[in-house]
1. Looking at this structure, is residue 109 modelled with pLDDT under 85 and touching a strand residue (DSSP E or B) at 6+ places or on another chain (Cβ under 7 Å)?
2. If you take the residues of the range 187-196 that are touching a helix residue (DSSP H, G or I) at 6+ places or on another chain (Cβ under 7 Å) and either without any contact (Cβ under 8 Å) to a residue 12 or more places away in the chain or not in a loop (DSSP other than H, G, I, E, B) (or both), which of them is farthest from residue 164 (Cα to Cα)?
3. Kindly evaluate residue 246 against the criterion of being farther than 22 Å from residue 185 by Cβ, within 12 Å of the ligand (Cβ to nearest atom) and surrounded by 17 or more Cβ atoms within 10 Å (Cβ to Cβ).
4. Looking at the range 211-225, which of the residues that are in a strand (DSSP E or B) and out of contact with any strand residue (DSSP E or B) (no Cβ under 7 Å at 6 or more places or on another chain) is nearest to the ligand (Cβ to nearest atom)?
5. With respect to residue 215, is the statement that it is surrounded by fewer than 15 Cβ atoms within 10 Å (Cβ to Cβ) and at pLDDT below 95 true?
6. Give all pairs with beta carbons closer than 7 Å in which a residue from the range 284-306 that is within 18 Å of residue 320 (Cβ to Cβ) and in contact (Cβ under 8 Å) with a residue 12 or more places away in the chain meets a residue that is part of a strand (DSSP E or B) and more than 11 Å from the ligand (Cβ to nearest atom); count only pairs at least 6 apart in sequence or on separate chains.
7. Quick one: which helices (runs of 4 or more DSSP H) sit completely within the range 41-127 and have at least 3 residues that are surrounded by fewer than 14 Cβ atoms within 10 Å (Cβ to Cβ)?
8. When you go through (1) loosely packed, with under 15 Cβ neighbours inside 10 Å; (2) in contact with a helix residue (DSSP H, G or I) (Cβ under 9 Å, 6 or more places away or on another chain) one by one for residue 169, which number turns out not to apply?
Ligand code: DAH
């Protein structure tokens, strides 16, 4: 009798629990069902606690019956859980959509700007890289020997005065033959020519953008500014090649089909012949005017010799240009001093988006 009651009771409980499992509409409700059924204080566990008071002959059968209910309910719980999880995922996949065509957030663009000098350096590097030049570097603090002497500017040469050099204190370094030599803040990027020729064998084709220093300050001069140097050395290079490279560079840089260019005879101790480079300002909307962008020439035989190259075998050309000047010309920036005053309003106005990386294929300027 007892056993028949228990059987019915167990059956009813199982049906009730399975019904609750099947009816649980989401994972939270299912968890509540699990706790109230097979949790420590749940209805199935409560049945187990009855075992102790049962006569031994009933205990075994009852225990087995409760255990199998527990197993079936647990199985049903697992299955329902898997089904509900799958349903929830389906729902999220159907509702949550990622629109990959949306424009990117504007935040990062406005937080940082690329300085016009960096932008123009990158543009120039891109142009010269396309012509097969690689980028060389040298230190800002340079020896007097590399900044002047090896460039065929001996001690008494007037060009030393023209450079308004920042000298370091006396006896800054010792030369190879033990003499004390002063260090300088490099006055131009030309010592990178020397470093390159001393360190590598021709053919050489490098550019060297970087900071240079002269004790000079007004609207178009700052004590620190930027130059880009170029050097080509092999056995046959001539002035015609130099002119072609400069013309191609200007066309690409100013993004125009035609650039008027003229060489004005000049003098640099490290080149012979030497010339100053002017471009017709038509390209930048000032018809009839000429603008000087830099100096150039064929590398002087003494310079080649100073670097251990035989001038009977090798020759080449070099040029140096002001990067800041190029930036002023291309982007219409009037005052050079503003470049280095660290005024964020200026940078916000004249700076470039971090995403406008200059490439020849995609266009140099934004
Ligand atoms: N170093 C020169 C200057 O700062 C510019 C220059 C002129 C560089 C002629 C050259 C060159 O490489 O060939 O004024």
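The values are calculated or read from the model by the stated rules, or taken from the named source; none is laboratory data. Treat the numbers as computed from the prediction; the structure is a model and nothing was measured. Every residue, glycine as well, gets a Cβ built from its backbone with ideal geometry; the counts of neighbours run over all protein chains shown.
1. Working: modelled with pLDDT under 85: yes; touching a strand residue (DSSP E or B) at 6+ places or on another chain (Cβ under 7 Å): yes.
Considered against the rule, which asks whether it is modelled with pLDDT under 85 and touching a strand residue (DSSP E or B) at 6+ places or on another chain (Cβ under 7 Å), residue 109 comes out as yes.
2. Step one: list which residues in the range 187-196 are touching a helix residue (DSSP H, G or I) at 6+ places or on another chain (Cβ under 7 Å), which gives 187, 190-191, 194-195.
Subset that is either without any contact (Cβ under 8 Å) to a residue 12 or more places away in the chain or not in a loop (DSSP other than H, G, I, E, B) (or both): 191, 194-195.
Values: 191: 16, 194: 21, 195: 22 Å.
The residue in question is 195.
3. Details: farther than 22 Å from residue 185 by Cβ: yes; within 12 Å of the ligand (Cβ to nearest atom): yes; surrounded by 17 or more Cβ atoms within 10 Å (Cβ to Cβ): yes.
Considered against the rule, which asks whether it is farther than 22 Å from residue 185 by Cβ, within 12 Å of the ligand (Cβ to nearest atom) and surrounded by 17 or more Cβ atoms within 10 Å (Cβ to Cβ), residue 246 comes out as yes.
4. Within the range 211-225, the first condition is being in a strand (DSSP E or B), and the residues that meet it are 211-213, 218, 221, 224-225.
Restricting the remaining residues to those that are out of contact with any strand residue (DSSP E or B) (no Cβ under 7 Å at 6 or more places or on another chain) gives 218, 221.
Details: 218: 17, 221: 12 Å.
Only one residue fits best here, namely 221.
5. Details: surrounded by fewer than 15 Cβ atoms within 10 Å (Cβ to Cβ): yes; at pLDDT below 95: yes.
It is true that residue 215 is surrounded by fewer than 15 Cβ atoms within 10 Å (Cβ to Cβ) and at pLDDT below 95.
6. Filtered contacts from the range 284-306: 291/278; 291/279; 292/278; 293/279; 298/315; 299/233; 299/315.
7. Helices (runs of 4 or more DSSP H) meeting the threshold: 56-95, 107-111.
8. (2)
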